[in-house]
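Student: Let me give you the structure first, and then I'll get to my questions.
We did not get these values from a lab; they are worked out from the coordinates using the rules stated. Since the structure is predicted, the reported quantities are computational estimates derived from the model, not experimental observations. Glycine gets a Cβ as well: all are built from the backbone with ideal geometry, and neighbour counts include every protein chain shown.
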Amino acid sequence: MNALPRSADYWIGCELLRVADAADVLGISPKTLRRWIASGRVAAVRLGRLVRIAPEEIHRLRSRGLAR
């Protein structure tokens, strides 16, 4: 899984999205989003067992036309 290229201080107070919420925003299934994360197509942050996605990554995907 790719980590977003930011220092740890950047993420303090940042609103990260759950996979299900990010998938809903992108108009894809959570399973598809998890596959994209596993393949490195989408950057995500792992917090223990939890996987979260930064809003900037959602904007990047939408601007490249990879989601609705």
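Student: Could you check segment 22-44 and list, in sequence order, the residues that are free of Cβ contacts under 8 Å to residues at least 24 places away in the same chain, in a helix (DSSP H, G or I) and not acidic (Asp, Glu)?
Tutor: Ala23, Pro30, Lys31, Thr32, Leu33, Arg34, Arg35, Trp36, Ser39
Student: Right, here's the next one. How many residues are of a type in the set (Gly, Ala, Ser) and farther than 15 Å from Asp21 by Cβ when one looks only at segment 45-64? Full working, then the answer.
Tutor: At the first step, the residues of segment 45-64 found to be of a type in the set (Gly, Ala, Ser) are 48, 54, 63.
When the remaining residues are screened for being farther than 15 Å from Asp21 by Cβ, the result is 48, 63.
Going through segment 45-64 one residue at a time, the tally reaches 2.
Student: Still on this model: Of all residues in segment 18-28, which are touching a helix residue (DSSP H, G or I) at 6+ places or on another chain (Cβ under 9 Å) and surrounded by fewer than 13 Cβ atoms within 10 Å (Cβ to Cβ)?
Tutor: Correct list: Ala20 only.
Student: Would you be able to tell me the number of residues in segment 42-68 that are surrounded by fewer than 11 Cβ atoms within 10 Å (Cβ to Cβ) and either touching a strand residue (DSSP E or B) at 6+ places or on another chain (Cβ under 7 Å) or small (Gly, Ala, Ser) (or both)?
Tutor: Within segment 42-68, residues that are surrounded by fewer than 11 Cβ atoms within 10 Å (Cβ to Cβ) and either touching a strand residue (DSSP E or B) at 6+ places or on another chain (Cβ under 7 Å) or small (Gly, Ala, Ser) (or both) number 3.
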